Each structure stands twice: as C-alpha cells, then as structure tokens.
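What follows is a short report on a single structure.
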Amino acid sequence: MPDEMVSISVDKVVRESDKAILCEIDGVEHWMPKSQIDSGGLRGVGSSGMISVPQWLVKAKELGQSGKGGPSVQDSGPPSDEVPF
C-alpha cells in the first residue's frame with residue numbers, strides 16, 4: 001500500500017532543479033524531490049501554496065515540528081496501523 005499523503009503549506013519556492021524544489025516551510029529550507037510530491041499548488045520560484053507529501057518524507061524532514069504554533073502539516077486521513085518499515 002502506498003504511503004499516506006499529507007498536505008504541507010509552502011511559504012515560498014526558493015529554487016527549482018530538474019529533480020527537486022527548494023521550499024521554505026516554517027522559515028526552514030527543504031529540498032523536496034519532485035518524484036515524491038504533488039506540487040500542483042506551486043507556480044515556480046517565488047510562489048507559495050500547498051503540496052502533497054508522503055508521510056515518510058514528512059517524518060524524515062521533521063516537517064511541522066518548528067514549534068511556531070501554527071500547523072504547517074495537515075493530515076489527509078485517519079491514522080494508519082501500518083508500520084512503514
């Protein structure tokens with residue numbers, strides 16, 4: 001079963017390459033691999049919006065744990081009992 005996707009709020013697209021997008025999320029820059037995300041809400045460098053990211057990538061990059069109060073990660077479904085490894 002594919003990993004559950006979650007929505008992430010991107011403050012700004014800083015840079016883009018053929019294979020990844022450098023996104024500012026909660027004031028921190030993260031390279032997000034294009035092969036793993038749905039970036040339909042972004043319109044190039046300087047834009048902001050929502051992207052869909054697999055749960056494993058959210059955990060790997062520790063997204064939504066900035067301590068700034070507002071959630072940047074929105075769960076797109078109920079929790080899963082499936083262990084991702």
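The values are calculated or read from the model by the stated rules, or taken from the named source; none is laboratory data. Quick caveat, the model's predicted, so the values are computed rather than measured. Neighbour counts are summed over all protein chains in view; Cβ atoms, including those assigned to glycine, are modelled from backbone coordinates with ideal geometry.
Looking at Gly70, Gly46, which is the one that is farther than 22 Å from Asp3 by Cα, surrounded by fewer than 16 Cβ atoms within 10 Å (Cβ to Cβ) and at pLDDT 85 or above?
On inspection, the qualifying residue turns out to be Gly46.
How many residues does segment 13-43 contain that are closer than 17 Å to Ala60 by Cβ, surrounded by 15 or more Cβ atoms within 10 Å (Cβ to Cβ) and either among the small types (Gly, Ala, Ser) or touching a Gly at 6+ places or on another chain (Cβ under 8 Å) (or both)?
Total meeting the criteria: 2.
Restrict the check to segment 23-40 and report whether at least one residue is at pLDDT below 95, part of a loop (DSSP other than H, G, I, E, B) and in contact with a Lys or Arg (Cβ under 6 Å, 6 or more places away or on another chain).
The answer is yes, given that some residue of segment 23-40 is at pLDDT below 95, part of a loop (DSSP other than H, G, I, E, B) and in contact with a Lys or Arg (Cβ under 6 Å, 6 or more places away or on another chain).
Yes or no, residue by residue, for (1) of a type in the set (Val, Ile, Thr); (2) over 9 Å from the mean Cα position of the chain (by Cα); (3) modelled with pLDDT of 95 or more; (4) assigned to a strand (DSSP E or B):
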{"position": "Pro2", "(1), (2), (3), (4)": "no, yes, no, no"}
{"position": "Val13", "(1), (2), (3), (4)": "yes, yes, yes, yes"}
{"position": "Leu42", "(1), (2), (3), (4)": "no, yes, no, no"}
{"position": "Val58", "(1), (2), (3), (4)": "yes, no, no, no"}
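Can you confirm whether segment 28-43 contains a residue that is at positive phi and touching a residue at least 24 places away in the same chain (Cβ under 8 Å)?
no
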